[in-house]
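Colleague: Submitted below is the structure of interest, expressed as structure tokens.
Where a number appears in this text, it was derived from the coordinates with a stated rule and is not lab data. Remember, it's a predicted structure, so these values are computed and weren't measured experimentally. Every residue, glycine as well, gets a Cβ built from its backbone with ideal geometry; the counts of neighbours run over all protein chains shown.
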Amino acid sequence: MTDATPETTIALAKPSVRAALLAAAIISTGTLLLATFELSMADFPSGIVLLGILPLTALLFFGCCVWTATLLLRIRKGGAKFAIPFLICAATLALLVYAPLRGVALQKNFYWHRADRERIVARIEAGEFKPNVDYNRSMIALGDKEPNVSAGGNDVIVDKADGGTYVLFLTSRGLKHYFTGFLRVPPGSDPKDFFEFDDKPPSQLVRYDKDWYFVAN
């Protein structure tokens with residue numbers, strides 16, 4: 001019986017798509033996780049997130065989309081399986097565009113920390129917590145002993161008004177004083193009257209519950 005030659009073995013070997021499938025799955029999963037839990041990275045230095053992690057992830061995902069698209073040229077010889085990596089990337093892109101991933105994370109953040117935040121508000125209104133940051137007369141540093149209810153060091157921003165106290169719990173801090181967060185307003189008050197919006201109205205204003213709003217400047 002004649003042994004198979006190396007040339008015959010190579011000719012019989014079928015092209016594999018396993019590596020492409022694995023790479024597309026890992027990159028797409030990582031991209032979706034980053035998009036969903038971006039708020040959880042709010043305590044990272046904003047420069048690292050905005051100028052490092054996010055652009056790198058976007059570039060990696062774009063490269064994956066282009067690479068898997070080239071695999072479509074191999075469908076005729078290798079079969080329809082070579083379309084699967086591209087379909088994974090396409091489905092991921094559709095989720096990024098149409099699925100409310102950030103909204104899901106915000107809902108979780110709001111309800112998960114609501115009880116602790118309301119207790120902090122009560123203690124602020126009772127005078128137990130007062131502004132204690134030298135460079136910002138409206139900031140209260142809660143410190144490590146209190147529940148972590150605000151991004152960027154567990155600091156909250158307060159604004160005393162006639163009807164009570166506005167309290168901003170940050171969810172992110174960006175460059176050039178950009179911020180997002182949950183604003184608790186005094187009963188019956190307008191969130192637009194918060195002092196951070198004196199010069200410019202909020203770019204985002206979403207009511208989450210009575211006296212609670214998600215805001216961005």
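Colleague: For Asn136 and Asp209, calculate 0.36 nm times their separation in residues minus their Cα-Cα distance, and state this gained length in nm to one decimal. Let's see the in-between values first.
Modeller: Values: separation 73, 0.36 × 73 = 26.28 nm, distance 2.85 nm.
Fully extending the segment from Asn136 to Asp209 adds 23.4 nm.
Colleague: Could you pull the Cα extents of the range 103-216 along its three principal axes, largest to smallest, in whole Å?
Modeller: 31, 30, 29
Colleague: If you project the alpha carbons of the range 56-114 onto their three principal axes, what span does each projection cover, largest first, in Å?
Modeller: Ordered largest first, the range 56-114 gives principal extents of 57, 23, 15 Å.
Colleague: Relative to the present Cα-Cα distance, how much length would full extension add between Arg123 and Ala58 at 0.36 nm per residue of separation? Write down the numbers at each step before the final one.
Modeller: Working: separation 65, 0.36 × 65 = 23.40 nm, distance 4.22 nm.
Value of the extension gain: 19.2 nm.
Colleague: A follow-up question, please. Going by Cα centres, the range 156-196 and the range 74-107 are how many Å apart?
Modeller: Value for the Cα centre distance between the two parts: 38 Å.
Colleague: What does the extension gain come out to for Lys145 and Ala23, with contour length at 0.36 nm per residue minus their alpha carbon separation?
Modeller: Numbers: separation 122, 0.36 × 122 = 43.92 nm, distance 4.22 nm.
Length gained, Lys145 through Ala23: 39.7 nm.
Colleague: Moving to a separate point now. Take His177 and Val97, extend 7 Å from each Cα along the Cα→Cβ direction, and tell me the distance between the two endpoints in nm.
Modeller: The answer from the label model is 3.7 nm.
Colleague: Kindly put Ile53, Ile157 in sequence by how many other C-beta atoms sit within 10 Å of each C-beta, fewest to most.
Modeller: Numbers: Ile53 14, Ile157 22.
Neighbour counts put them in this order, fewest first: Ile53, Ile157.
Colleague: Lysine pairs in the range 69-217 8 or more apart or on different chains: how many have alpha carbons under 30 angstrom apart?
Modeller: Lysine pair count for the range 69-217: 25.
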